[in-house]
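Some notes on the structure that comes next.
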Amino acid sequence: MTFLRFPEGFVWGAITAAYQIEGAWNEDGKGPSIWDTFVRQPGRIERGETADVAVDHYHRWLEDLALMQELGLKAYCFSISWPRILPQGIGQVNLTGLDFYDRLVDSLLAKNITPHVMLYHWDLPQALQDRGGWGERFIIDAYSEYARIVAQRLGDRIPFWVTHNEPMVISLAGNFLGEHAPGLQDPLVALRVAHHLLVAHGQAIQVLRLELPKTAKIGIILNITPTYPANDTEEDRQAARRYDGVANRLFLDPLFRGEYPADMIEMFGPIFPEIQPGDLQTIRAPLDFVGLNYYMRAVMRNDPEVMILQASQVYPSESEYSQMWEIYPPGMYDMLTRIQADYHPKEVYITENGVCVTDGVDFDERVRDERRIRYLRDHLAQVQRAIQVGVPLKGYFHWTLMDNFEWAFGYRMRFGLIYVDFTTQKRIVKDSGRWYAQVIRNNGFDPKA
Ligand code: IFM
């Protein structure tokens, strides 16, 4: 293989989420989010950790910006904390919260780093959860109003807008598995949450189109799990298809086709959420781009013991694994080409891709994270392969800029290009960060080097 070059203007970035990095959980007028509540419930988070301080980005953002510049990032995608803007979720606006993001955006632009913003990365204001949160329809208008407020303040300077990050995880992990805030275990609510997230997304797009300049691009970020049958049998193929339905098509079909998959409506039967007239039309609002997060595949086998899905996941013994998931680079290519073939998005970004492996600081203050470099190289090679066959892929955002609070795992999982000492808050660019900086400089890399 020769040097893998990326198209001119390819956007190289990194992505973070407010709750995972900001800290300052109750400062400057911010209201509590469902994560502030959740982390205080015994047993929810490993070692009882919280993101009250996280990596203190709220106070150290200038230092973090300098590090972004050192890496040579062309773009930075961050999320806005809804309760920092609206402490009660609706009503009184906290101008100090808006000021924080205002300064961040101006400073990014001054350093020629394009800001990409996500309106929602899981930190719902607790006051709204107290009224049922994403499980109730009132949330659709509340979210649109929040989108309007942010767009009015920052819209003149941010060219890329994302409504939600990973609605599938919000619905499943937060409301069915109970592993994320708000910690519910109710399939009925989880499905309603999924539907309301999608309607709120569509309605917010209408609002954003009115508020933002015509040139602004609006999309959503979905985590896609390519699915494969464990064995070459009809039963396992059907099992994989069902999992694909729950993990992927339940979101992709309404967004791109304006309909829910018939097999999912049938599978969930009476617990499928009520769809009001106009909902599907709203959800199908045209997207300028779709952001795709790729971490893992799912290998599925038929399993009648599992309620509803009747399928369970198999973990191939010959594969390599990170601390959390199987590492399977070809899944990146399979995902990209499949989405292109089935849904034809106008533009695609890889909005998250990264790995948690045990990192350590060596005697000379270096973090030699060779496995992350190999992960990056192998996945970027698949990204490049997808571009070669015509996927309109415009950029790649690495998850994540710096080590942070990894939800229920607390601080045990490190995904960053920058190492953070969680006690002193000292930052060290890892070897993977330097490697990525070189890729950005050269707009490509030699896969053999
Ligand atoms: O840390 C998360 C992020 O918040 C959403 N996508 C997956 C990442 C790694 O688990």
Seminar exercise, completed: Amide H contacts under 5 Å for Thr227, restricted to residues at least 5 apart in sequence or on another chain and with H modeled in the peptide plane, are Ala298
Problem set entry | Stokes-Einstein diffusion coefficient of the chain, Kirkwood radius over Cα pairs, 20 °C, 1.002 mPa s, in µm²/s | 96
Seminar exercise, completed: From the Cα centre of segment 391-430 to that of segment 213-244, the distance in Å is 25
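Note down the relative contact order for the chain as a percent, whole number, built from C-alpha pairs under 8 angstrom at least six residues apart. Please list the in-between numbers first.
On the way: 917 pairs, mean separation 82.3, N = 449.
Reported relative contact order: 18 percent.
Could you tell me what percent of the accessible area of the chain is made up of carbon and sulfur, with a 1.4 Å probe and every protein chain present? Walk me through the intermediate numbers first.
Details: 8850 of 17330 Å².
In the chain, the share of accessible area belonging to carbon and sulfur is 51 percent.
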Exercise. Roughly how many Å² of His344 are accessible to a 1.4 Å probe, to the nearest 10?
Worked result: 130
Seminar exercise, completed: Sorted by chain and then number, the residues having a modelled amide H within less than 5 Å of the amide H of Gly395, at least 5 places away or on another chain, are Val11, Ile350
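Based on DSSP H runs of at least 4 residues, each adding -39500 (n - 2.57), what is the mean residue ellipticity at 222 nm of the chain after dividing by all its residues, to the nearest 500 deg cm²/dmol?
Details: 16 runs with 175 residues, N = 449.
Dividing the helical sum by the residues of the chain leaves -12000 deg cm²/dmol.
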For this session: Using amide H atoms built 1.01 Å from N in the peptide plane, name the residues 5+ places from Trp122, or on other chains, whose amide H lies under 5 Å from its own.
Result: Asn165
For this session: Count the DSSP beta bridges whose two residues both fall in the chain, then state the antiparallel fraction as a percent rounded to the nearest 5.
Result: 25
Exercise. Using a 1.4 Å probe, what is the accessible area per residue for the chain, in Å²?
Worked result: 39
Problem set entry | For Arg148, solvent-accessible area (1.4 Å; no DNA, RNA or ligand), Å² | 70
Problem set entry | Paramagnetic reach from Gln206 in segment 107-145 [backbone N under 14 Å; point 7 Å along Cα→Cβ] | 140-145
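Report the relative contact order of segment 1-80, percent, no decimals, based on alpha-carbon pairs under 8 angstrom and at least 6 residues apart. Don't skip to the answer; put the middle values down first.
Values: 79 pairs, mean separation 36.8, N = 80.
The normalised contact order for segment 1-80 reaches 46 percent.
How would you rank 187-196, 34-43, 223-232, highest first, on the average number of other Cβ atoms within 10 Å across their residues?
Numbers: 187-196: 22.1, 34-43: 17.2, 223-232: 19.7.
Order by mean packing, descending: 187-196, 223-232, 34-43.
Hey, if we sort Tyr396, Tyr243 by accessible area with the 1.4 Å probe, largest down, what's the order?
Details: Tyr396 0, Tyr243 45 Å².
The most accessible residue leads, giving Tyr243, Tyr396.
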Exercise. Relative contact order for segment 235-295 using alpha-carbon pairs under 8 Å, separation at least 6, rounded to a whole percent?
Worked result: 31
Problem set entry | Nitroxide proxy distance, nm - points 7 Å out along Cα→Cβ at Arg368 and Arg301 | 4.0
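Just tell me, in residue order, which DSSP H segments of the chain are both 24 angstrom or longer along the helix axis (alpha-carbon based) and at least -0.5 in mean Kyte-Doolittle hydropathy.
Flagged H segments are 138-154, 187-211.
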Problem set entry | Residue-by-residue Karplus 3J(HN,Hα) for segment 344-351, coefficients 6.51, -1.76, 1.60, Hz, glycine and proline x | 6, x, 5, 9, 10, 10, 7, 9
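The values are calculated or read from the model by the stated rules, or taken from the named source; none is laboratory data. Remember, predicted model here, so these are calculated numbers, not experimental data. Cβ sites come from the backbone with ideal geometry, for glycine too, and all protein chains shown count toward neighbours. To get the accessible areas, we keep the full protein, side chains included, count just its heavy atoms, and leave off ligands, DNA and RNA. Shrake-Rupley method; radii C 1.70, N 1.55, O 1.52, S 1.80 Å.
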